[in-house]
Amino acid sequence: MQTKHKVGILGATGMVGQRFIQLLEDHPWFQVTWLAASDRSSGKSYGEAARWKLDTPLPASIAALPVSPASPENAPSIIFAALDTDIARDLEPKFAAAGCAVISNSSAFRMQADVPLVIPEVNADHLALTSHQNWNPPATSARRGYIVTNPNCSAIGLVLALKPLAERFGLRAVFVSTMQAVSGAGYPGVPSLDILGNVVPFIRNEEEKLEAETQRLLGKLEGNRVIPLDARVSAHCNRVAVEDGHTESVSIQLATKPSREEVLDAWREFQPLREKNLPSAPLQPVEYAAAEDRPQPRLDRMRGRGMTATVGRLRPCSLLNWKFTVLSHNTIRGAAGAALLNAELLASQGKLLPSVSSS
Ligand code: NAP
């Protein structure tokens, strides 16, 4: 690409918004030109408004950008959204109605029939749903915008690990128990006195999202709707005292009975984006860590620049067929990186709305 698309970030000051800024620094296709957050932040420079929490420096050009009000006037036509669900439900349609491509992280529209819930390696074909959306009020001639969503941070690693197995062997049932990092709750998130030296066996609505999103992501596009995969999914979700990286213990029942080598081959050979050359796509979306005590969040979350799901500990399960552990970075693969990959896929398909571009 000769030119860069100008992009904006809604919810730019939060945990996911900060990851967007980090991942978009020097991006070959996209350039951040517009940032927005709540009324608490708008009118300030980003450097003043944001409590920068990442371990790379805040780029000086971003620190100097003003934080705009969260409304579509003057926003570019490609918007990465990292808003709390209730706010997203109100604001994202306004940006879509104004003609923006809204690439969203929130759960507000993930289960809406005409809104694609997408992991590019898993169900890129579901993006076709965007053509059934109509956010514009009747009788306006505004350009048609749309909303595309990525899944909950606990669903992405799980579904990446399940997809190659579902495709080759058929998937009948999944039992998953998560150990989710504190950064998944945003900033400031869980109070330190609740989580230090502790495990909290409850994350509101998380088990329901993990179960339903897994079935939808692995489901089949038929016309203008997705038929969810007919597999039983049961989830336990726990918050643990880990900074970044969600770990999940998984047992699965498959339709056929593959050998251990066949399961490992399915993961190793899963490279559906290989020919597309998307800048954020990892070479290996699912990588097996052979050591008996891996994957671990501190050691494995940055595989594939935070975009690879690491699996390990594959062994027979006495209740279902096989069991294993999967780990993925919750604010990269589970949030900002997931949305960025969705946007790259849309760009490669010529589906990003014409945006003002700069060289
Ligand atoms: P967060 O740290 O709490 O950030 C929320 C952002 O929304 C901030 O920029 C905040 O701006 C802005 N905001 C709040 N009220 C607003 C309003 N009325 N108008 C406009 N902007 C407003 O949350 P997060 O962890 O980044 O999560 C953002 C979304 O991504 C959520 O829907 C979350 O469920 C989803 N998600 C998060 C993760 C994760 O691992 N953290 C993973 C996947 C998906 P101010 O700074 O001005 O308040």
Quiz item: What order do Val242, Val199 take when sorted by accessible area (1.4 Å probe), most exposed first?
Solution: Val199, Val242
Practice problem: May I ask you to give the percent of accessible area on region 254-359 that is carbon plus sulfur, with a probe radius of 1.4 Å? | Solution: 50
Self-check item: Cut-off under 5 Å, modelled amide H: who pairs with Leu65 long-range
Solution: Tyr46, Gly47
Self-check item: Under-5 Å amide H pairs with Tyr288, H placed in peptide plane, nonlocal only
Solution: Val311
Quiz prompt | Highest-first arrangement of 306-315, 48-57, where packing means the average Cβ count within 10 Å | solution = 306-315, 48-57
Quiz item: Rounded to the nearest whole Å², what accessible area per residue is found for region 153-328 with the 1.4 Å probe?
Solution: 49
Quiz item: Using the Karplus equation 6.51 cos²θ - 1.76 cosθ + 1.60 (θ = phi - 60°), what ³J(HN,Hα) coupling, rounded to whole Hz, does each residue of region 245-259 give in order, writing x for Gly and Pro?
Solution: x, 9, 10, 9, 9, 10, 10, 9, 10, 9, 6, 10, 10, x, 6
Quiz item: For region 297-337 and region 1-56, what is the separation of their C-alpha centers, rounded to whole Å?
Solution: 27
Quiz prompt | the chain - percent relative contact order, Cα under 8 Å, separation 6 or more | solution = 18
Quiz item: Can you pull out the GluC sites (Glu not before Pro) in region 263-359 that DSSP calls coil and that have at most 12 other Cβ atoms within 10 Å?
Solution: Glu269, Glu275, Glu292
Practice problem: Find the accessible area per residue for region 64-149; the probe is 1.4 Å, ligands and nucleic acids are left out, and the unit is Å². | Solution: 38
Quiz item: Using θ = phi - 60° and the Karplus curve 6.51 cos²θ - 1.76 cosθ + 1.60, what whole-Hz ³J(HN,Hα) does each residue of region 90-99 get, with Gly and Pro shown as x?
Solution: 7, 8, 4, x, 5, 5, 5, 5, 7, x
Exercise. Per DSSP H run of n ≥ 4, the term is -39500 (n - 2.57); total these for the chain, divide by its residue number, and report the mean residue ellipticity at 222 nm rounded to 500 deg cm²/dmol.
Key: -7000 deg cm²/dmol
Practice problem: Determine ³J(HN,Hα), in whole Hz, for all residues of region 64-72 in sequence, where each value follows from phi through the Karplus function 6.51 cos²θ - 1.76 cosθ + 1.60 and θ = phi - 60°; x replaces Gly and Pro. | Solution: 7, 5, x, 8, 8, x, 7, 9, x
Quiz item: Heavy-atom accessible area of Thr3 with all protein chains present, probe 1.4 Å, nearest 10 Å²?
Solution: 60
Quiz item: Around Ile147, which amide H atoms from residues at least 5 apart in sequence, or from another chain, sit under 5 Å from its own amide H, with H modelled in the peptide plane?
Solution: Val102
Quiz item: Per the Cauchy relation, a quarter of the hull surface: what is the mean projected area of the convex hull of the alpha carbons in the chain, in nm²?
Solution: 17.8
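The values are calculated or read from the model by the stated rules, or taken from the named source; none is laboratory data. From a predicted model like this one, the values you see are computed outputs, not experimental measurements. With ideal geometry, Cβ positions are generated from the backbone for all residues, glycine too; neighbour counts draw on all protein chains shown. Side chains are part of the model used for accessible areas, which takes the heavy atoms of the whole protein and leaves out ligands, DNA and RNA. Shrake-Rupley method; radii C 1.70, N 1.55, O 1.52, S 1.80 Å.
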